[in-house]
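The structure under discussion appears below in the form of structure tokens.
Read-outs: derived from the displayed coordinates by stated rules, not from any lab. Keep in mind that what you see is a predicted model, and the values were worked out from it rather than measured. So basically every Cβ, Gly included, is an ideal-geometry build from the backbone, and we count neighbours across all protein chains shown.
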Amino acid sequence: MQAIRYIVFLLFCLVLSRSANAQGLVIRNYNVKDGLANATVYSTVQDQEGFIWFATPTGVSKFDGKRFRNYTKKDGLTDNDVIKLAADSRGRIWFFTNNGRLSYYYRHILHNDENDSSLVYLSRSHYMQYAFQDKARNIWFLNTAGRVLQYNGRQTTYKLGTKPTDIMWLLSQDTIFQPLQEYFHLASVKDSSNESQKIFLSPAFPVQDERFGSRIRRNPVVIVNNTLYSFTPRDIIPFFKGSEWGITEEISCMSIDKDNLWIGTPRSLYFIKDFFKGERKLSKLLDNHFITSILNDRDGNIWITTYGDGVYHIPFKNFYFAYLDNTNGLYSHSIYSVFKDRRNGLLYIGENAGMLNIMDAAGRIQRYPLDSTGGRNSVLSILPMPKGGTVIGTDNAIYEYSPGMRKPREALKLRSIKDLDVTPGGKVRVVARNKVVNGLDARPMDLSNLETQISSVACVSDTSYYLGTGTGLYYSEGNHQPIPIQDDPRLSQSIKDLQWIDGFLWIGTSDQGIFVLKNNRVIRHFRTADNLVSDICQQLYYDGNGRLYVATNRGVSVIDTRNRVLLRNLTSNDGLMSDDIRGLSHAGDTLYIATSNGLCYFSRDHIPVDTVPPTVYLNAIRYGDSNYLPRAYFQHIYQRGSSFEVEFGAIAYDLPDLVEYQYNFSNDTSSGWVTTMSNIVPYPKLLPGDYTLLIRARKYKSDWSKPVALRINILPQWYQEWWARGILVLLAIMAILLILRYIINRVKGGEKRKTEYNRRIAELEAKALTNQMNPHFIFNSLNSVQHLILEKEEKQALNFLADFATLMRQMLNNSRKSYISLEDEIAFLARYLELEKIRFANSFVYKFELSQELKEYTVYIPPMLIQPILENAVKHGLAPKNGSGHLLVRLEMQGDLLYCAVDDDGIGWEHANSMKSGKLAKHESTALSVIKERLQIIKSFNGSVGKLEIIDKFKSGFGNKEGTLVEILIPIVKML
């Protein structure tokens, strides 16, 4: 934050008048330490956005009221020594330098003949002096060689041939050219080319004539030495001659502010308030300052540039205030009391060191030293007497004064006086630390028994009054001892001042604001929570017309006593010299305020309120490590981990430190505004997308400004695009599917290996069970051979052994296989039955019946499942039968199973079981259980369900037929 020096200068020193009007004006100074490029400033202009520009020998400065932004050659200027500025209607700021090269600033970019070919032209070392603009908004220049150039946005070209011209020609073409400056320095007003133009030596019209004033404001002003002329192609009329006002030096610059005239010279700044209303009071400001230019900006502020002393700024609202302090007539700047006597126009100003100042209506100040007893001796109170004159209270005495007296007269000597009041009958009641005096001729009443210090008094009548003390409120009637008011515990505190107003007692406290009493009861309480400017009250002043002024350490609060409502607050932000308020007074519309920094007076009903919000502007955009020029639309590719920042500011020349901002990043103008005093909005993690940033500002009492909008489009990287994300999602899904497939395959592989392992085990178990049946068959076959040998049938026994050997080899081959073809199985079973026929002396015949479907396919079945059934049928069914028997093996398909029916006409299952010995029955049941177990094992690795069922035909209702029917369903493998 730049330092702003507040300097109070001598404003009015009337020339051609015998009286001096002592009035001060607060002026702010900006210099190099505040950021200005140089203390020497040649000229100043205001651009369309509202920025103030200053031309210096070391570059140009752009100012928003708080911050200076400086530009030099490295930023694009053609030379650092910029001698003049011009602002056109397109928003461009033109820079004039001694090298003659053109350059201008537009939308945050400095254009010159190196980066903008339209500015290239042959200068021939002549520099620009003046700039004009035509109706097509082309810019026309006049250089030091008298050559006219035109810039139309595309090129810079010489015009009017090679013959030189002068400024008069451009000024005379007022229907074509509009000057981009307010005034022109000329050696003479005589235009030899315009014989019809009239030149007046004295004003043709009085300046207060509204028509003449309007003419002066509409047309350029010509300065010749120390005279100002109003120029038109028809006539030239002088309207200000410095010699007539006591100005002997040449006029360097001028400006017209409403009805006021500002004059700058190499030695001083002059101000004539209401010049165009006929006023003749010349004020001299900034004495011994070289004034180079004066600017009246669009808000009414005055900017004064100087040669070597920086820039001075007079805020518009300070013209509504007048100031008095030790720089313009007073003894010191510390004011304790003030009173404006409306009866005679005298203004009484009480200071420290017992100094009383009395200023008459003409502005003359008489100074009277009072109370020189030492210690504290300030003039603390000044009150009017009903019959004329005033009573003045100091720390140690009371004085009386009336107009015409040589000096104030001491009326009462009393130590540690705190307050005084005048009763309706004109009696002066004075209170000291522990005393009260009921009249200047009365003896003091000792109040030491109160054991507190008295601070204030308010008279209700000639005999009754209230006392304010450090511990609470007291009331007294006549000469009786005061009694405490204890109806409300809130009143038992330190009281600073009292005012009795129309039956109500107003109490100003040390730190609890204002209490209002009616019949000794609190009916209203004003605090900072109720918008009171401060809870620390220093004095109460009643204007007699319904307004109570509360002097505090933070300004003044104005209260409507009839309705008991707060009207407004006044502080140094509104134009007061200080917020430490000691006293107030008024006369008519003028309010006088005594402060610790001087006296301020102004029209209380016409205080300017700057409700115009500041203009918000974008200063820079930062994304990642790069800075970008501000623009309404910002687009960039997303950068991971990069911070996004927007730097902005507000143009506010009055109270720039009180500007606050709000920004909204959600486009919701009804909510979501974030308030900040910072001028940077940071967004460290801004994801891709479209955004709109709204920024607005306000200052002090203004409304919020219209938001400035910045559209932001952060483009996603390719991997953040929807199609890239879709591909990534698909790849992720595919990867997950591949992983799941791999896991499932591994699980399935494990299960398959486990199943294969179990299958192999089952097969081995089945083979083991098959192998269990082989010994039984071998044992029976060997018995048959033995029987043939015993019967001496050697040849038949040899044939039997040969067939048996073939059968055994076939059996061994089949036992190593899980499945064999049905054809091989039938061949095996036929050979086996042939052997059994030999063994049992051809006691039976057998037959195989196959369904047609079995003949079309190659069917594979587990080996050695049917042979045990055939064996049981022959041995236990047909062999015991008397006579020849029959055995039928019927095979057919039933779905995925082979149906095998072994049908014999033997003795039957039940009869055969009854004839078996215990060992034989056990062996037969074991063979059948082995078949069932094999079928169960085959189910475990093949999934097909086999079945074994034994039917005794006689018992099962096959008529009178005997024999056994065995049905078995065998899982198969079928192939074409």
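Separation of the alpha carbons by more than 28 angstrom is noted, of Lys855/Lys955; Lys84/Lys281; Lys817/Lys947, for Lys855/Lys955; Lys84/Lys281.
When the Cα positions of Trp303, Gln852, Tyr661 are compared along the charge dipole of the chain, Trp303 comes out farthest toward the positive end, with charges on each C-beta of Lys, Arg, Asp and Glu. Counting only alpha carbon atoms, the long axis of helix 722-790 and the longest principal axis of the chain meet at about 10°. Projecting the Cα atoms of Pro608, Trp506, Val379 onto the charge dipole of the chain, computed from C-beta unit charges around the Cα centre, puts Val379 farthest toward the positive end. Using only the alpha-carbon atoms, how far is helix 822-839 inclined from the longest principal axis of the chain? Give it as 0 to 90 degrees, nearest 10. Taking Cα atoms only, the helix is inclined about 30 degrees. Where a ≥ b ≥ c are the square roots of the eigenvalues of the C-alpha gyration tensor, would you call the stretch 261-344 rounded, which needs a/c under 1.5, or, failing that, prolate if a/b is larger than b/c, or oblate? Prolate, because a/c is 1.5 or more and a/b exceeds b/c. For the chain, the 222 nm mean residue ellipticity estimated from helices alone, with every DSSP H stretch of n ≥ 4 adding -39500 (n - 2.57) and the total spread over all residues, rounds to -6000 deg cm²/dmol. Extension gain, Arg154 to Asn745, is 205.2 nm, computed as 0.36 nm per intervening residue step minus the present C-alpha separation.
As I understand it, the value is the acute angle between the Cα axis of helix 794-815 and the longest principal axis of the Cα atoms of the chain; what does it come to in degrees, rounded to 10? Rounded to the nearest ten degrees, it is 0.
Pairs from the table (Lys418/Lys518; Lys273/Lys699; Lys273/Lys340; Lys273/Lys317; Lys241/Lys284) lying more than 20 angstrom apart at Cα are Lys418/Lys518; Lys273/Lys699; Lys273/Lys340. Basic side chains Lys and Arg get +1 at the Cβ, acidic Asp and Glu get -1 at the Cβ, and with that the dipole of the stretch 206-322 about its Cα centre reaches some 280 debye. Each Cα pair under 8 Å and six or more residues apart adds its separation to the average, and for the stretch 299-402 the resulting relative contact order is 16 percent. The stretch between Ser666 and Asp299 holds 128.8 nm of extra length on full extension. This uses 0.36 nm per residue minus the Cα-Cα distance.
Counting only Cβ charges, +1 for Lys and Arg and -1 for Asp and Glu, the dipole size of the chain around its Cα centre is about 940 debye. Percent of Cα pairs in the chain per distance bin of 10 Å, from zero to the largest separation: 2, 8, 12, 12, 10, 8, 6, 4, 3, 3, 3, 4, 6, 7, 6, 4, 2, 0, 0. Between Ala632 and Trp718, the contour length at 0.36 nm per residue exceeds the Cα-Cα span by 28.4 nm.
The listed peptides 470-482, 208-220, 101-113, ordered by packing as a protection proxy, come out as 101-113, 470-482, 208-220 (highest mean of other Cβ atoms within 10 Å first). For the stretch 570-586, putting each phi into the Karplus relation 6.51 cos²θ - 1.76 cosθ + 1.60 with θ = phi - 60° gives couplings of 10, 9, 4, 5, 8, x, 5, 6, 7, 8, 7, 9, 9, x, 9, 7, 8 Hz, in residue order, rounded to whole numbers and with x for Gly and Pro.
Model label points for Val945 and Gln366, set 7 angstrom from Cα along the Cα-to-Cβ axis, are 13.7 nm apart. When a/c reaches 1.5 or more, the comparison of a/b and b/c decides; with that in mind, is the stretch 434-485 rounded, prolate or oblate per its Cα gyration tensor? Oblate, since a/c reaches 1.5 and b/c is not below a/b.
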